[in-house]
Amino acid sequence: MSLKLALLLALIAASAGIGFGYLLRLIISLGKKGSMELDIQRLELSAKEEAQKVILEAENKANSLILKTQTELKEREVRSKQAEDRLIKKEEFLDKRQTDLDKETEQYKEKVTEVKSLYEKVHDLVKERTQELSKVSHLSPEQAREELLKVIQHESEEDLMVRMQKLETQGKEKLLLRAQEILSSAIQRLSSSIPDEVMATSVTLPSDELKGKVIGKEGRNIKAFERATGVEVIVDDTPNSITLSSFDPVRRAVAKLALDNLILDGRIQPAKIEEFVLNAQQEVNTIIREKGEAATLEVEIYNLDPKLVAILGRLHFRTSYSQNVLAHSVEMAHLAGMIATELGANVAVAKAGALLHDIGKAFDHEVQGTHVEIGRRILQKFGVEEDVIKAMQAHHGEYPYETIESIIVQTADAISGGRPGARRDNLEHYIKRLQDLEAIATSFEGVEKAYALQAGREIRVFVTPEKISDLEAKTMARDIAVRIEKELKYPGEIKVNVIREARSIEFAR
C-alpha cells in the first residue's frame, strides 16, 4: 500500500513539475517577445533619424551645387559678353581697315595709269629720236649696235689678250715659287729619321747554356712558346743570342718580353710560358697606350678620347711599306702644321687630320674595308670634329678635297712617304702574302689560331679538339693546302701543319 502511494505521489509531483516548467517557459517567451518589439521600435526610430540626416545632407549638397552652377553660368555669361564685345570691336576695326585699303587701291590705280601714260610718252619720244638718228646715219638700231660692238672689240681685243697672258704667266710663276718655298721650308725644318722595321728580333742570353732550357726536353718548351706567341724561335750558332721571327710586330714584342722575363725567372716550362706570355701581352697593351699618349703630346693634340689615343698607339706596332705607321703619322702632323701655318689654314685641324689619317690601319687586318673607310667610322664613333674627318679622308683620293686642310694632309703624306728610302714595296708585298696565308687558315671552322712561320714556308694551324677530330684535322690540312694553291702565288712549297692537342687538368686538394 505504501509503494502504490509512493508511486502516486511521484506521478503527481512529476505532473506538477511539468506544468510548472511549461508555465515558466511561457512567461520567459512572453518577456522576450516584448523586448524584441522594443528593439524593433528603437531601430525604426534610429533609421528615421538617419534618413532625415541623409535627406538634409542631400538638400544641402543640392543647394550648394545649384549655387555653384549659377555662379559658373554667370561667369560664362560675362566671358561671352566680353568675347562678343571684342568681336564687335575687331569687326569695326576690319571694316575701317577695308575702307582704308579701298582708298589706297584707288590711289595706286590712278598712279599706275599716270605711269603708263608717261611710259608711252617716253617710248614715243625714244622711237622718234631713233628714227631721226637712223635717217642721219643711214643705219638701223640693230646695225648701229653691232657696229659699235665691233669697234670696241677690235680696239680692246689685242690689249686684253696680252694682259691675260701676262697675268696668267706671272700668276703661275708666283704660285709655283710659293709652293716650292713652303714645301722646301717644311722639309728642311723637319729632318726626322725613321728606321726600317725588320722582320726578326734578337734576344740576348746570359750564356749559351740557356738555349737548351729554351728548347726543352724533346723541344717541348720551344713548341709551347711558338704556339703561345705565334712567332718562330730560331736557335742557331750565334753566341748568346736567340732570334724571334714574325711579320707581326706586336707578336714579336710580346714574345721578346715574355722570353726576357722567362730567362730572368729561370723556370722555363710550358705552364710558365703561357703565364708569362699573358703578362707580356698586358705589358704590350700598356706600351701601346703610352705610345699613343706620347704621340699626341709631341704634336700637341690634346682633345682626343682616351680610347682613340689607345687605338693610335697600336700603330707603333704597324708598318706600311716597312715604314712605322705611328712615326710616319707624327712626322706628317709636323709637316701639315708647318704647311698650314704658311698658308693661313687651321693648324689644329691639319695636324689632327695628319696624325689620325692612318688610324684605320690599326684594324684593317680584322675589319672589312679600306683603312680610310675604317678610319672614318672610328673617328665618327668617338665624336671627332667633322673638319678633321674631312681632312683625313681624302689623302688617297677616295673622297674629294672639301677643305684646304685635306689637301695639306695629302701633301704631307706624299712628302713623308716619298722621301728616298722611306718605304720598300717588296717587304709590304711579303707581309701581305703572310697575312693572306693566315687568313685562309683561320677561315676554316674549328680553327683556334694560325701562324705563318719560316718566311711563309710553313703555316701552323691550331684547332679546337672538341670541334675537330683527328680524321677531320687531316682533311682540313688537305683543304687548306688546296685553297693556298688556288688563291696564292708563292715560290717553292708551303707546309701546312694542323695541330690538334687535348688537355685534361685536375687539381689534387
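Within a straight-line Cα-Cα reach of under 24 Å, LYS486 can be paired with the following lysines, leaving aside sequence neighbours fewer than 8 residues apart in one chain: LYS432, LYS449, LYS474, LYS495. Among the trypsin sites (Lys or Arg not before Pro) in segment 44-101, none sits in a DSSP loop with a Cβ that has at most 12 other Cβ atoms within 10 Å. Extension gain for the segment GLN435 to ALA10, taken as residue separation times 0.36 nm less the Cα-Cα distance, is 140.0 nm to one decimal. Ligands, DNA and RNA aside, THR243 has an accessible area near 30 Å² when probed at 1.4 Å.
Largest accessible area first, the residues LEU101, LEU326 order themselves as LEU101, LEU326 under a 1.4 Å probe with ligands, DNA and RNA left out. Between ALA58 and THR204, the contour length at 0.36 nm per residue exceeds the Cα-Cα span by 42.0 nm.
The modelled label-to-label distance for the pair LYS48/GLU84, using points 7 Å beyond Cα in the direction of Cβ, is 5.3 nm.
Accessible surface comparison of ARG42, ARG227, ARG377, probe 1.4 Å, protein chains only, largest first: the order is ARG42, ARG377, ARG227.
Under the shape rule built on the C-alpha gyration tensor, where the axes satisfy a ≥ b ≥ c, segment 314-377 is oblate, since a/c reaches at least 1.5 while a/b does not exceed b/c.
The values are calculated or read from the model by the stated rules, or taken from the named source; none is laboratory data. Please read these numbers as outputs of a predicted model, since none were measured by experiment. Cβ coordinates were reconstructed from backbone atoms using ideal geometry, including for glycine residues, and neighbour counts include every protein chain displayed. Please note that ligands, DNA and RNA were not included when accessible areas were found on the heavy atoms of the full protein model with its side chains. Shrake-Rupley method; radii C 1.70, N 1.55, O 1.52, S 1.80 Å.
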